[in-house]
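The values are calculated or read from the model by the stated rules, or taken from the named source; none is laboratory data. It should be emphasised that the depicted structure is a prediction, and the values quoted were computed from it without experimental measurement. Cβ atoms come from the backbone with ideal geometry, glycine included; neighbour counts cover every protein chain shown.
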Amino acid sequence: MMYSLKWGVASLFIFVGTIANAQNEKHPSRKSLLETVEKRIKESASQYTFLMQELKPDRFPVTYYEDKGQLVTSGSEPWVGGFYPGGLLYLYELTGDTLLYQEALRKMDVLKKEQFNITTHDLGFMMYCSFGNAKRLEPKPAYDSILVNSARSLASRFNPKVGCLRSWDSDSSQFMVIIDNMVNLELLFAATKMTGDSSFYKIAVEHANTTMKHHFRPDYSSHHLVIYNPGNGEVRKKQTVQGASDSSAWARGQAWGLYGYTVMYRETGDPLYLEQANRIGQFILNHPHLPADGIPYWDFDAEDIPAAPRDASAGAVICSALLELSGYVEQPLSEIYLKAAEKMLQSLTSPTYFSDYGKNGGFLLRHGVGNYPRHADIDVPLIYADYYFIESMARYKRMNARY
Ligand code: GLY
């Protein structure tokens, strides 16, 4: 269903009017951007052949500290485990380079045990970005089994009294849900398609509805964390743990919300989710602190803007989501989203963000922010920035069949 309904002509006009400047600004021609993207895809494939040589067989890349020359890696348990194999799979799809495919399969062999991990809500990130892409490229019963088991593990964290999946574990009186969890729901939709069991679908819908009710502020920015009473679903507290303050708009949180509700619309066709994605998009694209190159500061309300670090990961997630969302709305909104995404892609493929071969520890993008309040991973490459950047390039290339 195309965008129309509640988000009527009046509000659309305000939106279009306020971001008309973005639309009118000079954009590189689509042909030229597409050529740049094609070049960066090839360079990304080479860069990842460098990165793979730096990694031990059972380790996953997380970030790189240039000052120490230190590649930071993890085992398969943290939330980032699926991004490296997922990025490799996209690059294999885009280039046909089987070295990348073999590396993805090796890492997924290490990752697959996480299908039974019931201590994390991040199974969508971990298992769908990896095994979901692997299944898309080469369907196999083994992938279905891993994805369904992963969805079962994720669903085990659902509390019907709250109407949400638990995100962070803590003492049993605190039921913590973060906005990031929206991006794990895609796995549940996939599980319903594979099994015919609608309970996964229903959990995803209920989680998205509860989140829509409690995570968002009147301006459609979102809190990072909502803490519920697990016994009756009452909201106890709202916080923005990874942001500048509880009332601030942490950039990656806004990105997860945009991406998550875009997927919700794709999977359900419910126009309420499209409206939510549009509202979040409006918040981001109209924000006076969104820099001219389209790559957000790590928090839209960071105190030291314009000196505050940018977060390329938030930019890449927003870019990928806008490319998809542009396909669900009518003109002129579709073109506005597409041009905003193109501006971000232009920036991310530029030498300001995109690294030369062998530099940046083998990662593609510079200037990501992991967890600013914890002073962790500030202005560094991040594997999830790379993943959503590669996905953006893949989506842009596919979409350009239209032009
Ligand atoms: N999901 C964790 C983060 O975005 O930092």
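Before moving on, here are some points about what is shown:
- In the stretch 300-403, counting only helices (runs of 4 or more DSSP H) that sit wholly within it, the ones holding 3 or more residues that are within 14 Å of the ligand (Cβ to nearest atom) span 312-325, 383-399.
- Scanning the stretch 72-114 for residues that are charged (D, E, K, R), surrounded by 18 or more Cβ atoms within 10 Å (Cβ to Cβ) and closer than 29 Å to Ser156 by Cβ gives Lys107, Lys112, Glu114.
So that you can scan it fast, the table gives a plain yes or no per residue for (1) away from the ligand (no atom under 16 Å from the Cβ); (2) out of contact with any strand residue (DSSP E or B) (no Cβ under 6 Å at 6 or more places or on another chain); (3) of a type in the set (S, T, N, Q); (4) closer than 23 Å to Asn371 by Cβ:
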residue	(1), (2), (3), (4)
Ile227	yes, no, no, yes
Asn232	yes, yes, yes, no
Lys237	yes, no, no, yes
Trp256	no, yes, no, yes
Val263	no, yes, no, no
Thr268	yes, yes, yes, no
Glu275	yes, yes, no, no
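- Qualifying residue in the stretch 50-66 (condition: more than 22 Å from Leu100 (Cβ to Cβ) and modelled with pLDDT of 95 or more): yes
- Residues considered: Ala155, Ala190, Ala208. Of these, the only one that is at pLDDT 95 or above, more than 28 Å from Gln282 (Cα to Cα), buried (at least 22 other Cβ atoms within 10 Å of the Cβ) and away from the ligand (no atom under 16 Å from the Cβ) is Ala190.
- Breaking point among (1) among the small types (Gly, Ala, Ser); (2) within 16 Å of the ligand (Cβ to nearest atom); (3) in a helix (DSSP H, G or I), for Gly81: (3)
- Those residues of the stretch 151-171 which are assigned to a loop (DSSP other than H, G, I, E, B), of a type in the set (S, T, N, Q) and touching a strand residue (DSSP E or B) at 6+ places or on another chain (Cβ under 7 Å), in sequence order: Ser167, Ser170
- Against the criterion of being surrounded by fewer than 19 Cβ atoms within 10 Å (Cβ to Cβ), without any contact (Cβ under 8 Å) to a residue 24 or more places away in the chain and more than 14 Å from the ligand (Cβ to nearest atom), Pro218 qualifies.
- Members of the stretch 245-279 found to be farther than 17 Å from Glu186 by Cβ and either over 14 Å from the mean Cα position of the chain (by Cα) or assigned to a strand (DSSP E or B) (or both), listed by number: Ser245, Asp246, Ser247, Ser248, Ala249, Trp250, Pro271, Leu272, Glu275, Asn278, Arg279
Matching residues to (1) touching a Leu at 6+ places or on another chain (Cβ under 6 Å); (2) surrounded by fewer than 21 Cβ atoms within 10 Å (Cβ to Cβ):
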position: Gln239; (1), (2): yes, yes
position: Gln254; (1), (2): no, no
position: Tyr261; (1), (2): no, no
position: Leu274; (1), (2): no, no
position: Asn278; (1), (2): no, no
position: Ile284; (1), (2): no, no
position: Asp293; (1), (2): no, yes
position: Ala314; (1), (2): no, no
position: Val317; (1), (2): no, no
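- Any hit, the stretch 223-241, residues being of a type in the set (Phe, Trp, Tyr) and within 20 Å of the chain's Cα centre (by Cα): no
- Every pair of residues 6+ apart whose Cβ atoms lie under 7 Å, when the first sits in the stretch 106-121 and is in contact (Cβ under 8 Å) with a residue 24 or more places away in the chain while the second is part of a helix (DSSP H, G or I) and of a type in the set (Lys, Arg): none
- Residue count for the stretch 203-244 under the criterion of being over 22 Å from Leu272 (Cβ atoms) and part of a strand (DSSP E or B): the result is 5.
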